[in-house]
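Structure record follows, encoded as structure tokens.
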Amino acid sequence: MTSAVLGVIGVAAPAAADDGYRASIQAIDLAAAKAMTGVSWHPGCPVRISDLRRVELTHWGFDGVRHRGELIVNQTVARSVVEVFHTLYSMRFPIRTMLPVDRFGADDNASMAADNTSGFNCRPITGSTSGFSVHSYGKAIDLNTLENPYVKGAVVQPPAGKAFTNREKVRPGMIKHGDPVWRAFTRHGFTWGGDWTSLKDYQHFEAPV
């Protein structure tokens, strides 16, 4: 159980030993919906804004300090996201930043270059101009994009992620198959892009759509 889960799903009692983790799940209010429209969401997207939730949570930074982060995800995975990131918090897994992609004008490349962890963004599949990415459903999360780059042949996104393409040299913030981060996500039904064969999307976890 999380230390505190507030918002539309109600309140959970603190764990016996309060570890400082706090998380809330909130509906997208009218002002936020207006700000998202034409940026991360637009008519024709496969989900309504009312299907999405704003998850605010505590995470550890690379500076060893607690920070507050924000993810926009589908309401169907919001509780799981709270639990997954509580596990990451408990193991002090560092996360650089956690901001909605609207802060980057919904530019996925800009978000990745900032090593930003994010969720919802109604956009095509990476490398394509058609078809919806699982991010478009609010059911995917990209985690520490610099330390866990997208790799397809000679293409590495973000480009600075080339320093982390050697996955045997594990450094803080990186994800490996079978590690505690991988287990935290897969336990909740997510699959990892680092397990794909045609390309490697080491930052990417997705739930079924």
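The values are calculated or read from the model by the stated rules, or taken from the named source; none is laboratory data. Everything numeric here is computed off the predicted structure, so don't read it as measured data. So basically every Cβ, Gly included, is an ideal-geometry build from the backbone, and we count neighbours across all protein chains shown. All accessible areas refer to the heavy atoms of the entire protein, side chains included, with ligands and DNA or RNA removed. Shrake-Rupley method; radii C 1.70, N 1.55, O 1.52, S 1.80 Å.
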**Asked** Can you pick out the pairs among K34/K200; K152/K176; K139/K176; K139/K169; K139/K200 whose Cα atoms lie more than 27 Å from each other?
**Response** K34/K200; K139/K169
**Asked** Taking the simple approach of a point 7 Å from Cα along Cα-to-Cβ for both V170 and K152, what is their distance in nm?
**Response** 2.8
**Message:** Averaging the inverse of every distinct alpha carbon separation and then flipping it gives the Kirkwood radius. What is it for the range 108-209, in angstrom units?
**Reply:** 13.6
**Request:** Indicate, rounded to the nearest 5 percent, the antiparallel portion of the DSSP beta bridges found entirely in the chain.
**Result:** 80
**Request:** Please report Rg over Rh for the range 64-129, where both radii come from the alpha carbon positions and Rh follows the Kirkwood definition.
**Result:** 0.99
**Request:** Could you work out the Kirkwood radius for the chain, taking every pair of different alpha carbons, averaging 1/r and inverting it, reported in Å?
**Result:** 17.1
**Prompt:** How large, in percent, is the carbon and sulfur part of the accessible surface of the chain at a probe radius of 1.4 Å?
**Reply:** 57
**Prompt:** Just the accessible area per residue of the chain, please: how many Å² with a 1.4 Å probe?
**Reply:** 46
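Report the relative contact order of the chain, percent, no decimals, based on alpha-carbon pairs under 8 angstrom and at least 6 residues apart. List each step's numbers first, then the result.
Values: 425 pairs, mean separation 32.1, N = 209.
Value for the chain: 15 percent.
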**Asked** Taking K and R as +1 and D and E as -1, what net charge do the other residues with C-beta under 9 Å from the C-beta of M174 add up to?
**Response** +2
